[in-house]
Amino acid sequence: MGTTDSRLGQLRGSLPARNHNARTVAALAANPGCARRGVMDAAGIDKTALATRLGHPVQYGQSPFAIVRGHAFEAQVKADGGAQLRALLHEALGVPESAVAEGAYEELGGEIPEPETEPGAETEPGAEAEPGADPETEPTAAAREPKRLGREQRVTLTRRALHRVLDEARSDTCAILDHPLLPLDVAGTRAYLEPDAMACLVAGRLHVVEIKSFSVLDGGADPGKLASAARQAAVYVLALQDLAADLGFGRDVVSTDVVLVCARDFSNQPTAALLDIRKELAVTRRRLTRLARIDDLLADLPAGLTFDPVDAEDQGDAGPAAVRQAVGSVPAAYVPDCLSACELAYFCRSEARACEGGHGSGGLVGTLGTGIRGVLGGIDDIGRALDLADGACAPAHGEEEIARVLRRAAALRREVLEAAR
Ligand code: SF4
């Protein structure tokens, strides 16, 4: 039994690693009962690659064109020290222009500023010296390359910048922190959130700013995209509040009014609006506290389990059986919402539909949605629910009431069908 990190590394094997981001944390919090997703995310497994390997590739995602357009839109809003962004903050927050016109613009995601480098701090593997080079005299190729900050270094940089702007907060300056890296405890592991958002200090309060390239048409935006933006922003606000509290400031220094910047109509003109994310923040906080700790999840898994078995024989569209068996050994909790939130959804759906508990085919109740799963509380097999409705099997202790409701529903259905005939 190794350490948590070594066990997570063993699970991942040679599969590509991916960091958490606000979308993955929001999706994890949306299905807190899914141990499979909890383990995969803690191990940093690229679920898109794994889903392809399983023969159930992801069927959604942004087109390359939309990604390029999104980057160009973001660069436009941030250009010239955030000139356009400052005007948008004035528009959305209703503060005087003088309150946002001046202030520092700090980029926290780029190269190492030498004086800020911490002695002995973690560096990325790419920054190591070349073998054979004389470290006294020869600048290595890695040294000549712009150094990328390690994650802990970026967190340190973010902490310092945040402390400084909160300490120096004035009503007539607006400091902008771009690409902060925010740590967040997720089920006992440290996730690093790389916001595509920024933190802007306006009138003494920090506002998360999210730049999205989807359009606002006639003052309204796609409700699904708005809801998704609000869930992601809630994760950033939560991480920022935790960090502010850790630095000795009040949590309420971080506003729950998020500034959402979108494209106006079909143009490239940005427009900004406030998004009240109090509800999403409360839900995210509550669900994250309900997530099982990763050590508890790992304790229930078979020793030596890996999602990257070396002897996995590819079996065409069905994917390698050994990989399917490994993934299938971690309990899942599939619901239709997974289709829009998790890269493994097509695999988990097919598994849940094929599940057979000895009462005929039908699959798991979760495939019918969280509402029906809640109503049937505890009965997770569709075939068994049908048998209880027909009286073909006896209810177990505690299932008497739901069995009575199911029999009544079946009787009503028969009556309606006979009347229709
Ligand atoms: S798709 Fe599968 S792994 Fe992902 S959250 Fe749903 S049940 Fe869990």
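The values are calculated or read from the model by the stated rules, or taken from the named source; none is laboratory data. Keep in mind the model is a prediction, meaning the values are calculated, not measured. A quick note on method: Cβ atoms are made from the backbone with ideal geometry, for glycine too, and the neighbour counts reach across all protein chains shown. Calculation scope for accessible area: heavy atoms of the full protein, side chains included, ligands and nucleic acids excluded. Shrake-Rupley method; radii C 1.70, N 1.55, O 1.52, S 1.80 Å.
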- Message: What's the number of the only condition in (1) crowded, with 18+ Cβ neighbours inside 10 Å; (2) at negative phi that R23 fails to meet?
- Response: (1)
- Task: Identify, from the list S350, S329, the residue that is in contact with a Pro (Cβ under 7 Å, 6 or more places away or on another chain), within 14 Å of the ligand (Cβ to nearest atom) and open to solvent by 20 Å² or more (accessible area, probe 1.4 Å).
- Result: S329
- Can you tell me which residue in the range 1-52 is farthest from P331 (Cα to Cα), limited to those that are touching a Ser or Thr at 6+ places or on another chain (Cβ under 7 Å) and modelled with pLDDT of 90 or more? Q10
- List every residue pair whose Cβ atoms lie under 9 Å apart, where the two residues are 6 or more positions apart in sequence or sit on different chains, the first residue falls within the range 314-332 and is more than 15 Å from L11 (Cβ to Cβ) and part of a loop (DSSP other than H, G, I, E, B), and the second residue, located anywhere, is more than 16 Å from the ligand (Cβ to nearest atom) and modelled with pLDDT of 90 or more. none
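Collect the residues in the range 147-182 that are farther than 30 Å from H90 by Cβ and either part of a loop (DSSP other than H, G, I, E, B) or open to solvent by less than 20 Å² (accessible area, probe 1.4 Å) (or both), keeping them in residue-number order.
K147, L149, G150, Q153, V155
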- Task: Would you point out which residue out of A396, A345, A419, A389 is under 30 Å from S228 (Cα atoms) and either within 30 Å of the chain's Cα centre (by Cα) or of a type outside the set (V, I, T) (or both)?
- Result: A345
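Check every one of the helices (runs of 4 or more DSSP H) wholly within the range 203-311 and list those with 3 or more residues that are in contact (Cβ under 8 Å) with a residue 12 or more places away in the chain and outside the structural domain of H179 (by TED's automatic domain parsing). Quick ask: steps written out before the conclusion?
Values: elements: 223-246, 278-290, 294-299.
Helices (runs of 4 or more DSSP H) meeting the threshold: 278-290, 294-299.
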- Message: If I ask for residues that are within 11 Å of the ligand (Cβ to nearest atom), surrounded by 22 or more Cβ atoms within 10 Å (Cβ to Cβ) and not β-branched (V, I, T), which ones from the range 32-46 would you list?
- Response: C34, R36, R37, G38, M40, D41
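Of all residues in the range 47-61, count the ones that are part of a helix (DSSP H, G or I) and away from the ligand (no atom under 11 Å from the Cβ).
Of the residues in the range 47-61, the ones part of a helix (DSSP H, G or I) are 47-53.
Then keep just the ones that are away from the ligand (no atom under 11 Å from the Cβ); that gives 48-49, 52-53.
Result for the range 47-61: 4.
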- Item | the range 4-31, subset within 16 Å of the ligand (Cβ to nearest atom) and among the basic types (K, R), residue nearest to D300 (Cα to Cα) | R12
- Message: Any residue at all in the range 66-74 that's outside any loop (DSSP other than H, G, I, E, B) and over 23 Å from the mean Cα position of the chain (by Cα)?
- Response: yes
- Message: Against the conditions (1) within 16 Å of the ligand (Cβ to nearest atom); (2) in contact with an Asp or Glu (Cβ under 6 Å, 6 or more places away or on another chain); (3) at pLDDT below 85, where does L364 fall short? Just the number, please.
- Response: (3)
- Note on the structure: Out of (1) within 13 Å of the ligand (Cβ to nearest atom); (2) open to solvent by less than 50 Å² (accessible area, probe 1.4 Å); (3) modelled with pLDDT of 90 or more, the one L291 does not meet is (3)
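Mind listing whichever residues of the range 88-111 are free of Cβ contacts under 8 Å to residues at least 40 places away in the same chain and crowded, with 16+ Cβ neighbours inside 10 Å?
We begin by selecting, within the range 88-111, every residue free of Cβ contacts under 8 Å to residues at least 40 places away in the same chain; these are 90, 94, 96-97, 111.
Selection gives H90 alone.
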- Query: So, in the range 192-234, of the ones that are within 17 Å of the chain's Cα centre (by Cα) and of a type in the set (K, R), which residue ends up surrounded by the fewest Cβ atoms within 10 Å (Cβ to Cβ)?
  - Reply: K225
